[in-house]
Amino acid sequence: MVLGGLFTACQQTERPTQADETSKESLIAIDDQMAEAINIYLHDSLRSDLLYDAYIPLLNIVDTVKTDEGWNVWGDFWVYYYNQKGDTSMKLETIHNYSGVIKLNQLPDGTYKVVDIITVARGPEGEIYARRVFGERYEKFHEMVSNPAYFDSNLSKKANGKVYKIK
């Protein structure tokens, strides 16, 4: 479910392809398998139409709550898409942002599956949707994304993010 639209921005930068850290570094720590399910979902289910060589997801978690149905993970989720440039570097082509709540179920084998995502709109009505989606967590979310240092920290976290190759 999407409340409103998506924000897409383009930049032209280069970064090395070497990366082995996970991109789940955030305000709230989440299980590695939960982060992996979200990382894969952000591309495979939402933007698998994009024709790039690789992506780096970045999860900035505001809160997590265990429910009877599974887990709810509120946050500001980013996906950086790259194309291979030469043998050792990649060129950033586009960035997609999804702020909202991701709902997951834990499978019998201990892994997780994303079952829903509710994102917020950008623009004049964005705050209304964000307040609905984040509820009591809105102030924490707003404080996080309103801080100019937040975007600088995203760039440094992305540099250590896990690279997913697109098949």
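Counting only residues that are open to solvent by less than 50 Å² (accessible area, probe 1.4 Å) and at pLDDT below 85, segment 48-71 holds 1 of them.
Of note, Asn83 does not satisfy the criterion of being under 19 Å from Ala130 (Cβ atoms) and either crowded, with 16+ Cβ neighbours inside 10 Å or in contact (Cβ under 8 Å) with a residue 12 or more places away in the chain (or both). Please verify whether Ser146 is closer than 14 Å to Ile61 by Cα, open to solvent by 20 Å² or more (accessible area, probe 1.4 Å) and at pLDDT below 90, treating the condition exactly as stated. So Ser146 fails the test.
Looking across segment 86-101, the residues that are open to solvent by 30 Å² or more (accessible area, probe 1.4 Å) and either modelled with pLDDT of 90 or more or under 21 Å from Ala121 (Cα atoms) (or both) come down to Lys91, Glu93. In this structure, is Arg137 open to solvent by 20 Å² or more (accessible area, probe 1.4 Å) and at pLDDT 95 or above? Here the answer is yes, as Arg137 does meet what is asked. Within the set Leu58, Leu42, Leu92, the sole residue that is under 20 Å from Ser153 (Cβ atoms), without any contact (Cβ under 8 Å) to a residue 60 or more places away in the chain and either of a type in the set (A, V, I, L, M) or part of a strand (DSSP E or B) (or both) turns out to be Leu42.
If you go through segment 102-118 and keep only what is among the basic types (Lys, Arg) and buried (at least 16 other Cβ atoms within 10 Å of the Cβ), you end up with just Lys103.
The values are calculated or read from the model by the stated rules, or taken from the named source; none is laboratory data. From a predicted model like this one, the values you see are computed outputs, not experimental measurements. Here Cβ is always computed from backbone atoms with ideal geometry, including for glycine, and neighbour counts include all displayed protein chains. The area values use the complete protein model at the heavy-atom level, side chains included, leaving out ligands, DNA and RNA. Shrake-Rupley method; radii C 1.70, N 1.55, O 1.52, S 1.80 Å.
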